[in-house]
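For reference, the structure is listed below as structure tokens.
The values are calculated or read from the model by the stated rules, or taken from the named source; none is laboratory data. The model shown is predicted, which means the values in this text are computed figures rather than measured ones. Positions of Cβ are backbone-derived with ideal geometry, glycine not excepted, and every protein chain shown enters the neighbour counts. Surface accessibility is based on the protein's heavy atoms, side chains included, excluding ligands, DNA and RNA. Shrake-Rupley method; radii C 1.70, N 1.55, O 1.52, S 1.80 Å.
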Amino acid sequence: MADQALLDVLLESWDRNNLILVNLLRALPEGGLEVRAMEGSPTVAELFTHIHYVRLVFVYEDAPEFAQDVARRVPEKEWADERNSERIAQMLNESAKAVRDAVKGRIATGKDMNVHYDHPIFLLQHMLWHEGYHHGQIKLALKLAGRPLADDDAGPVTWDVWMDKRNHT
């Protein structure tokens, strides 16, 4: 029972991570998707779509039984310059569910990941690290372009989501 409670908390941390990414996307200033840190760097839109792409590819490679629907949703381009923020939000929510289902399913069956990880939770941790890295790139690109997100705007939709204390008994 304690193992299930711990898994539930880990999966909630994944859900919160995705909520933060979608919140960041929705908090972008007008024209924010087109911003890039410097010439030759990906746009903010491309960073978000890269995150989606990476999620789906790792699920497809490591837990293909959770990828029946994933294979047809993997974008042709890893760094797609999608400019519709609601479409990007939908993509992020779909790929977050695929990662969640793969991790939960592989733990439930006790089956190892096929290619990359010693344990399914390592997939989750890799995605959290990878996405935090790109979150920072997005905020830096906005700042360099003279369009920073004010802490008063970003805090409630990012840090406050992580620090929301809930009862996990």
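Across region 1-123, Cα pairs under 8 Å and at least six residues apart give a relative contact order of 27 percent.
DSSP loop GluC sites (Glu not before Pro) in region 60-169 with at most 11 other Cβ atoms within 10 Å of their Cβ, which ones? Let's see the in-between values first.
Details: sites: E61, E65, E76, E78, E82, E86, E94, E131; in loops: E76, E78, E82.
Of the GluC sites (Glu not before Pro), the ones in loops of region 60-169 whose Cβ has at most 11 other Cβ atoms within 10 Å are E76.
Write down the accessible area per residue of the chain in Å², having rolled a 1.4 Å probe over the full set of protein chains. Walk me through the numbers on the way to the answer.
Numbers: 9360 Å² over 169 residues.
Here the residues of the chain average 55 Å² of exposed surface.
Could you tell me which chymotrypsin sites (Phe, Trp or Tyr not before Pro) in region 56-114 are loop residues by DSSP with no more than 16 other beta carbons within 10 angstrom of their beta carbon? Sites meeting the loop and neighbour criteria: W79.
Solvent-free Debye calculation, one equal scatterer per alpha-carbon of the chain: log10 I(q)/I(0) at 0.09, 0.12, 0.18 Å⁻¹ equals -0.32, -0.56, -1.13.
What's the tally of Lys pairs in the chain whose alpha-carbon atoms lie under 25 angstrom apart, where the two lysines are 8 or more places apart or on different chains?
On the way: K77/K97; K77/K139; K97/K111; K97/K139; K97/K165; K104/K165.
Final tally of qualifying lysine pairs is 6.
Surface composition of the chain: carbon and sulfur make up 53 percent of the accessible area, probe 1.4 Å.
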